[in-house]
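The values are calculated or read from the model by the stated rules, or taken from the named source; none is laboratory data. The structure displayed is predicted, hence computed values, not measured ones. Here the Cβ positions follow ideal geometry from the backbone for every residue, glycine too, while neighbour counts run over all protein chains shown.
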Amino acid sequence: MDFRLGEKAEEVKQEIRTFLAENFSEEDRKEAAEDGGGHNWELYRKLAAAGWVSAGWPKEYGGGGRDPYEILTLYWELCKAGFPWIGLLNNGFIGHTLMVMGTDYHREHFVPKIASGEIAFALGYSEPGSGSDVAGARVTATQDGDDWLINGEKMWTTTAHTAQYIFMLTRTSTQDRPHRGLSIFLVPTDVEGVEINAIHTMGGERSNGVSLTDVRVPDANRVGEVDKGWSVVRFALGLEQAMGYADLQERFIQQAGAWSLEAGPDGQRPFDDARIKEQLGQTAVHAEVSRLLRHRSTWLAAEGKDLGGKGAMTKSFSGTSYLDDAQSWMDLVGPAGLLKEDEDGALAGGNFDEAFRQTPVNTIYGGTVEILRSLVAEVDLGLPKSR
Amino acid sequence: MDLSLDESQQILVDTFSEMLEKECPTTHVRDHEDTGFSESLWAQYCELGANAMGLPEAAGGLEMSLLDLGLVANLSGRALAPVPFLEVATVGRLLAKVAPEDAALGALAGGVPAASIALPRPHAVLGTSTTSGGRSLIPFGTIADQVVALDGDILYVAENGASRRSERVQDIGAGALAHWNLDRASDARILASGDEAVAAMRRADAEWKLLAGFWLTGIAQRALTIGSDYARERIQFGVPIGGFQAIAHPLAECAIRIDGAELLAQEAAWADTADPDRFEMLCSMAFAWGSQTAIRTADIALHTHGGYGFSTEYDIQLFYRRARALSSIAGGAKEELQTVAELCFDRDGSGKAASLLGGAQ
């Protein structure tokens, strides 16, 4: 066995740390947290210029051909630093998908611009009436000559307000079972009929609701065959579920640990309180297990092996353990834990407050923990399908 | 990165799986609840070299890695094998390091389960007592004649078990537990003192906990199989109960935690040579998480059975009891998590040690 990610990943780590040191100041971090949109064009284009948007795409299509361990490290370092990286994650995937599943037109017209950071896409799957039941999408696309007209509402379309396009799941047929009547379109955000409204969250993120009224999209912007969009979506969800939040858990425990070793107002180190020590141990174990599960998902992907329920395990464990820890810490640290970063008396740079506000969503987006557990029960334990 | 077992490890797994399937069905476990030790099964272990596999060649051993030992411990946990594999492996390796000429090492290498260990349990409410008249519960203390213990910075062997140990005391896990008087004023053989002694016990403690982490993971894996099988077979309201999310989701959550426990134990064993700075911390984590996972899984699997899980006729209660017992004998998970924190953040007590999180490079 060998638990190391390897030399190439180590080089990426150093490279990204250098990039962050040179380009991402403490001020930028605070601004990103304040903005909450998950994307910053100036920083994003610097990453694109260094080849990071297309880093994981196959070399034969002009991508960077980086292996899954390098890509893991890229996301890990950015995420841990508080870098607004959602745009990078989405476009890394979408560009890759268009390369492999798109038309020549997509490859020539969109892919190079995604790689260079000229344009970016947001993901448009969820709707007000379909969350976990992704295949229940009701935004319609109806053919009108050589074009399609798109109507309906999308929800949780994070980065839509900064992106030029939305990679959108639509319904093109109601004749067969729900997942057999779906198609994917590349929908511009600056055309008539698109209205983007901010949705703010308790965790400080800004997401969007998108309303679409007779939005005209050329057939050339369709990805994959009509009514066969489901396979594209499944690929995307699998990618997201195999990640989890181990990087953030690592940052959280490191900050909690550093805080606990400093003497508090009473002259005592929190570390010397048995309850604090126990919770530190628990949080550290959770972070390590999350990291191992994520590394295993990455290893399986790198080896070309079937993930089975292992991707779902990664996100499920990470989401629930981080949430549990954030709540347990809040119960331990007393009133000062309530204070936001930079407030007088805030603990550990607002570490506890931030995690408490942000972690509830981790068991929800990108596949709720309930959906993931059903998947594990079916795939890994052979239990009957359950809803 | 490579998370698969190599060919020789796979052969080791196949060999012990086959032996345990044949020699240690749960009926065999039940038949030995009155002593907690199966002499015949231990003979089978020794036949496969389990007693000496982790020892250096000079001591008559096979110089196999901690990962190899861990694989055997994991299979032993799945089978609930009533044998002192953990204690024999740990004490043997300790003696081989600090007292390679010691007669007890020869006995262990020859297959006699002659020695056990007094685990330190530094945070436990009732920890190991080495003071005169103090007693400590010793795993397989009923069959060992000698116990290795640490008193301050003196590492010694408490000899003459006949005069030191109590009768077997019955415990939840149907183990081979006895109270030992570890007083070193008489019948004690000093092995080492000072830093060397402390380091040797730290190391042995870490190894025992690592192997126990594998063992506990094995208990959890088998308990999950039993629970899942039952959930597929048991019909209520006209359908298998495994189709109800109230049954399926807790089992799925256990499957997830178990995969983490297995990876954690394997990483710790791998770190012995590949990432030595993190070895102790990972061993401690493997034990704490293995404990939590085994106890939780056995609980969930037991409750999957409804009332039958509570009856002695069904096997799941054997796992429920033993998961708890193996964790508690070293102090339990709450105690161990404090050790994790110390090893993670404050190894030398200065509060300035760098965090060991973040993985191997």
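May I ask you to list pairs of residues, at least six apart or on different chains, whose Cβ atoms are under 7 Å apart, with the first in the range A:245-272 being farther than 17 Å from A:Leu292 by Cβ and more than 10 Å from chain B (Cβ to nearest Cβ) and the second being at pLDDT below 95 and assigned to a loop (DSSP other than H, G, I, E, B)?
Short answer, once both residue conditions are applied: A:Trp259/A:Leu347; A:Pro270/A:Gly264.
Given the options A:Glu34, A:Glu60, A:Glu10, name the one that is acidic (Asp, Glu) and at pLDDT 95 or above.
Result of the check over A:Glu34, A:Glu60, A:Glu10: A:Glu10.
Residues that are under 23 Å from A:Arg206 (Cα atoms) and in the same structural domain as A:Arg206 (by TED's automatic domain parsing): list the helices (runs of 4 or more DSSP H) wholly contained in the range A:269-368 that include at least 1 such residues.
Filter on the range A:269-368 gives an empty set.
Let's see how each residue does on (1) away from chain A (no Cβ under 14 Å); (2) under 30 Å from A:Phe3 (Cα atoms); (3) under 18 Å from the mean Cα position of the chain (by Cα); (4) hydroxyl-bearing (Ser, Thr, Tyr):
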position: B:Glu7; (1), (2), (3), (4): no, yes, no, no
position: B:Leu12; (1), (2), (3), (4): no, yes, no, no
position: B:Glu63; (1), (2), (3), (4): yes, yes, no, no
position: B:Val91; (1), (2), (3), (4): yes, yes, yes, no
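Rundown of residues vs (1) under 16 Å from the mean Cα position of the chain (by Cα); (2) at negative phi, yes/no style:
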| position | (1), (2) |
| --- | --- |
| A:Ile86 | yes, yes |
| A:His96 | yes, yes |
| A:His109 | no, yes |
| A:Gly117 | no, no |
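Quick check on the range A:234-243. Is at least one of its residues under 28 Å from A:Ile71 (Cβ atoms), modelled with pLDDT under 95 and within 14 Å of chain B (Cβ to nearest Cβ)?
Yes, there is a match, as at least one residue in the range A:234-243 is under 28 Å from A:Ile71 (Cβ atoms), modelled with pLDDT under 95 and within 14 Å of chain B (Cβ to nearest Cβ).
Determine which member of the set B:Val125, B:Val83 is farther than 16 Å from B:Trp180 by Cα and at pLDDT below 95.
B:Val125
For the range A:147-188, what are the residues that are charged (D, E, K, R), at pLDDT 95 or above and either assigned by TED's automatic domain parsing to the domain that holds A:Tyr365 or within 19 Å of A:Val223 (Cβ to Cβ) (or both)?
Of everything in the range A:147-188, those that are charged (D, E, K, R), at pLDDT 95 or above and either assigned by TED's automatic domain parsing to the domain that holds A:Tyr365 or within 19 Å of A:Val223 (Cβ to Cβ) (or both) turn out to be A:Asp147, A:Lys154, A:Arg171.
Which members of the range B:197-239 meet the condition of being surrounded by fewer than 20 Cβ atoms within 10 Å (Cβ to Cβ) and either within 23 Å of B:Ala255 (Cβ to Cβ) or more than 24 Å from the chain's Cα centre (by Cα) (or both)?
Result: B:Thr225, B:Asp229, B:Arg232, B:Glu233, B:Arg234, B:Ile235, B:Gln236, B:Phe237, B:Gly238, B:Val239.
For B:Ser4, which of the numbered conditions (1) in a loop (DSSP other than H, G, I, E, B); (2) within 30 Å of B:Glu101 (Cβ to Cβ) fails to hold?
Of (1) in a loop (DSSP other than H, G, I, E, B); (2) within 30 Å of B:Glu101 (Cβ to Cβ), only one is false for B:Ser4: (2).
A:Thr18 - would you say it is modelled with pLDDT of 95 or more and either within 22 Å of A:Tyr245 (Cβ to Cβ) or outside the structural domain of A:Ala198 (by TED's automatic domain parsing) (or both)?
yes
Does B:Glu18 meet the test of being of a type in the set (D, E, K, R), away from chain A (no Cβ under 14 Å), more than 19 Å from the chain's Cα centre (by Cα) and surrounded by 14 or more Cβ atoms within 10 Å (Cβ to Cβ)?
no
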